[in-house]
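Written below as structure tokens is the structure these notes are about.
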Protein chains: 2
Amino acid sequence: MKLHQIGELGLLKEIRKRFKSTDSSIIIGIGDDAAAITPQKEKILVTTDMMNEGIHFDLGFTSSFHLGFKLVSANASDIFAMGGRPRYLVLNIAMKKDTEEEFFWDMYKGIFDAMNIYRVSLIGGDLCSSKNDMVLSATVIGTGNKIITRCGACVGDKIYVTGTIGDSACGLEILKRLTYESKEIIKNLEFWSNNHKNIGVLEYWNNESKNTIDWNIAKPLIKRHLMPIARDSLDISNYATSMIDISDGLFIDLLRLCDESNVGAKIYLDKIPLSDEMKKFAEIMGLDPIHLAASGGEDYELLFTAPPEIKFKIRNLKSKILKTTCIGEIIEKDRVVIDKSGKESALKAEGYRHFETG
Amino acid sequence: MKLHQIGELGLLKEIRKRFKSTDSSIIIGIGDDAAAITPQKEKILVTTDMMNEGIHFDLGFTSSFHLGFKLVSANASDIFAMGGRPRYLVLNIAMKKDTEEEFFWDMYKGIFDAMNIYRVSLIGGDLCSSKNDMVLSATVIGTGNKIITRCGACVGDKIYVTGTIGDSACGLEILKRLTYESKEIIKNLEFWSNNHKNIGVLEYWNNESKNTIDWNIAKPLIKRHLMPIARDSLDISNYATSMIDISDGLFIDLLRLCDESNVGAKIYLDKIPLSDEMKKFAEIMGLDPIHLAASGGEDYELLFTAPPEIKFKIRNLKSKILKTTCIGEIIEKDRVVIDKSGKESALKAEGYRHFETG
């Protein structure tokens, strides 16, 4: 059935039924002019993000499940990057009238799965038709007591990142090159379940010749791009002096943090943590892994600074997924990178910027 | 200059400069991963609304100033409809790369002018490019103590509306029919200033013949459609048992309130308040003014219920713009309308619904 056969009211009614929250701080949830909440914490955090068809995503290789999941993750990541906890979600979704109902509910399944991971409640939203492109816009409200901004980095602080960098960018590079058949496989794959099948190899195009890439290399990279999981900053926020999430690219986001803190940075290129799969992929494609890591966006890892004396504590964070790596230090003014051989050069902003060509 | 020549960062920097807030409850405003606020009131209200090119607006007769203004008004209206005060705004804007800078800043001027009326602060947002259509998505956060929902209407309550109904729908009917030259006049007119010129007449098409409509009739209707002003519910919320804003149409929104309150309603058609200009326009066009008022959307008037014994107090609200009219009463189950002659018939939902054809 198509959306125009069900209508806005029918869809809203069903969403309201499916997304009942048990959070007692929600006085009024979905279904009134506005939601009403009493978060009972000193500070309220608010972030918002938009995903546009043809700009942020390509429906050729992205399922609506992945879109929904990523939308919530991207917003949760911003709240974590402030040292807070994501709590409430409002959604604005625009889709074409002839969209299949299944596509619509798959998106909500992705939203729901991500909401469960971050323990976020849907409290409201707007559902409308669009003329050409699908648009997803979300606002996440969080709470926190100790807020970590981009402004607190001090000279002498060490610079850390969580996880590994550049995997998402590699995932995107693979996805863009896949053959139509391989794209279809990816779109219909339930990544989230642990017992998904090993599909052997994926076929991709490289300069008009068909190649294959091993599923064990491709899978974690593609999954990271399509279903990123935001990093919980709970353990970090006790130590961090400044923090930002890496959404547009490691270097561009680092420079934003430096600008706001009015400091410089020195990054050791060989310390940037890269996953084995990412290194293998870069080798296969003849790409520079450091360049991919420095400029690729949508990793949703946390980039933060902390004084050197508590370095040890940060390196021993309890949470398994929050492996952190020191990649450099805050210096007075210059923004420089040091390569393997010890050669210093200028750190240049690379990453995605809207409205810019090339 | 076009947006892609300035770039996302340049635009964000300028927005941050222009939208500095003095609200001391804002700890972190624009420019970090999330905004941080401490509203210091018991309840937080959250609402969100989206406006899509080709669905919600037609750039043929809508300026970007009007779009920005209306976006803020529509969201403020939802907060007022809960008995709250709008306080903070986050924005997601998507525009094509080749958009002129002037168009972009005109939209922000509209947003800014509306923000000033409602005393709302911009605390964050996302700016991105779109492939085809312009999209505006806003979330407004408000505060309130006594929250008025759609659920509290009781049998015996009177039903009230603020202002006059159907003006916005008439404004849209005029706008759609205007000649190209008249549309251009409207787009470039600064409605907000009181000393705008009287442009005499507007030319419009009616069944392939060119007609004119007097500016004094057209102006208030067009202004109401392009630059609606949300109604402050401060005085109402002491008395109201339930409330909703009229955004999709008087009858469809009344039925929503009835559904949520699990009651019926009896509406006296000849009591629905109509402006003189609206009646004149309907006469000229040979349209039924009551039908226009019942089904036309985007009036952003408040529809509320209150016990009959305090009727007098509500009718004498202090604020000039908040003229209220009793249009009927809450009854047990049925939803009926009574026409001038006293004839009763079923009240049918008429109004705009997304995804539905026709």
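The values are calculated or read from the model by the stated rules, or taken from the named source; none is laboratory data. Nothing here was measured: the structure is a model prediction, and the numbers come from that model. For neighbour counting, all protein chains shown are included, and Cβ atoms are generated from backbone atoms with ideal geometry for every residue, glycine included. All accessible areas refer to the heavy atoms of the entire protein, side chains included, with ligands and DNA or RNA removed. Shrake-Rupley method; radii C 1.70, N 1.55, O 1.52, S 1.80 Å.
Does at least one position in the stretch B:21-44 carry a residue that is modelled with pLDDT of 90 or more and at the interface with another protein chain (Cβ under 7 Å from one of its Cβ atoms)?
Looking for residues that are modelled with pLDDT of 90 or more and at the interface with another protein chain (Cβ under 7 Å from one of its Cβ atoms), one finds at least one in the stretch B:21-44, hence yes.
For the stretch B:98-107, does any single residue satisfy the condition of being touching a Ser or Thr at 6+ places or on another chain (Cβ under 9 Å), assigned to a strand (DSSP E or B) and more than 14 Å from chain A (Cβ to nearest Cβ)?
No - not one qualifying residue is present in the stretch B:98-107.
On the given criteria, is B:Asp98 in contact (Cβ under 8 Å) with a residue 60 or more places away in the chain, in contact with an Asp or Glu (Cβ under 7 Å, 6 or more places away or on another chain) and either open to solvent by 10 Å² or more (accessible area, probe 1.4 Å) or farther than 21 Å from A:Leu91 by Cβ (or both)?
Criteria not met by B:Asp98.
Looking only at residues in the stretch B:211-240 that are buried (at least 23 other Cβ atoms within 10 Å of the Cβ) and charged (D, E, K, R), which one is nearest to B:Thr149 (Cα to Cα)?
B:Arg231
Where in the stretch B:11-74 are the strands (runs of 3 or more DSSP E), entirely inside, with at least 3 residues that are touching a strand residue (DSSP E or B) at 6+ places or on another chain (Cβ under 9 Å), among the polar types (S, T, N, Q) and crowded, with 16+ Cβ neighbours inside 10 Å?
B:43-52
Give the stretch B:128-168 a look and list any residue that's in contact with a Ser or Thr (Cβ under 6 Å, 6 or more places away or on another chain), within 10 Å of chain A (Cβ to nearest Cβ) and buried (at least 20 other Cβ atoms within 10 Å of the Cβ), or say none.
B:Ser137, B:Thr139, B:Val140, B:Ile148, B:Arg150
Of the residues B:Ile213, B:Ile267, only one is of a type in the set (Val, Ile, Thr), in a strand (DSSP E or B) and modelled with pLDDT of 95 or more; which?
From the options B:Ile213, B:Ile267, the qualifying one is B:Ile267.
Could you identify the single residue in A:Asn238, A:Asn216, A:Asn206, A:Asn211 that is in contact with a helix residue (DSSP H, G or I) (Cβ under 9 Å, 6 or more places away or on another chain) and free of Cβ contacts under 8 Å to residues at least 12 places away in the same chain?
Criteria check complete, one pass: A:Asn211.
Quickly run through the stretch B:1-30 and pick out the residues that are in contact (Cβ under 8 Å) with a residue 60 or more places away in the chain and small (Gly, Ala, Ser).
Answer for the stretch B:1-30, where residues must be in contact (Cβ under 8 Å) with a residue 60 or more places away in the chain and small (Gly, Ala, Ser): B:Ser21, B:Ser25, B:Gly29.
Which one is modelled with the highest pLDDT among residues in the stretch A:285-339 that are polar (S, T, N, Q) and open to solvent by less than 20 Å² (accessible area, probe 1.4 Å)?
Taking the candidates together, the pick is A:Thr305.
Can you find, within the stretch A:116-127, the residue that is farthest from A:Gly54 (Cα to Cα) among those that are in contact (Cβ under 8 Å) with a residue 40 or more places away in the chain and surrounded by fewer than 21 Cβ atoms within 10 Å (Cβ to Cβ)?
Among those residues, the one meeting the criterion is A:Ile117.
So, A:Met51, is that one free of Cβ contacts under 8 Å to residues at least 60 places away in the same chain and more than 8 Å from every other protein chain (Cβ to nearest Cβ) or not?
No, not satisfied.
Pick out the one residue from A:Asn92, A:Asn116 that is over 30 Å from A:Pro289 (Cβ atoms) and within 13 Å of chain B (Cβ to nearest Cβ).
After applying the criteria, what remains is A:Asn92.
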